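Visitor: There's a structure below that I have some questions on.
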Amino acid sequence: MTPAALEWVSRFRRYMTSERRLSAHTDTSYARDLAALVKFCNRSGVGEWSGLDTQHVRTFAAHSHAAGLAPRSIQRRLSAVRSFYEFLLREARNGAESAAAAGGALIRRTFPDPTVEIFEGISRQI
């Protein structure tokens, strides 16, 4: 991930703790979940948030499952990812120039919600 893309994770965490008033525990969990996503993106060659698509998110969830993460933990990871993308879209709608650069193609579409499909697949494997 580029430094500009990583800065959006920091902005999101500040937003979640200051404006949404999430607990320290939730902030820590979301930080861990987004760090896992960043690591996945680096391994997958995704350098900007606009390059992350539905298939990447499905693969991220599948890798989390294969690594032994519990279904509820995977669900929380996906919730963190979804909240992060909603933040990027909201910032872009509010006219933040760098959000437009960070969100890129996301401004033209909503973030996919593959949660149902992912968990149906996981439940069939369990």
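Visitor: Against the definition (at pLDDT below 90, among the aliphatic types (A, V, I, L, M), under 21 Å from LEU89 (Cβ atoms) and out of contact with any Gly (no Cβ under 6 Å at 6 or more places or on another chain)), how does LEU78 come out, yes or no?
Guide: Taking the combined requirement at face value, the residue does not satisfy it.
Visitor: When the residues of segment 25-45 are filtered to those that are more than 19 Å from GLN75 (Cα to Cα) and out of contact with any helix residue (DSSP H, G or I) (no Cβ under 7 Å at 6 or more places or on another chain), which remaining residue is surrounded by the fewest Cβ atoms within 10 Å (Cβ to Cβ)?
Guide: Going through the qualifying residues, I end up with GLY45.
Visitor: Then there is this: Quick one: is ARG77 crowded, with 18+ Cβ neighbours inside 10 Å and of a type in the set (Lys, Arg)?
Guide: Criteria met by ARG77.
Visitor: Take the conditions touching a residue at least 12 places away in the same chain (Cβ under 8 Å) and under 14 Å from LEU6 (Cα atoms) and apply them to GLU86. Does it pass?
Guide: no
Visitor: Say whether the condition of being farther than 15 Å from SER83 by Cα, outside any loop (DSSP other than H, G, I, E, B), at pLDDT 90 or above and of a type in the set (S, T, N, Q) is met by at least one residue in segment 39-53.
Guide: yes
The values are calculated or read from the model by the stated rules, or taken from the named source; none is laboratory data. This one's a predicted model, so the numbers in the text were calculated from it and none came from an experiment. Here the Cβ is made from the backbone with ideal geometry for all residues, glycine too, and neighbour counts use every protein chain on show.
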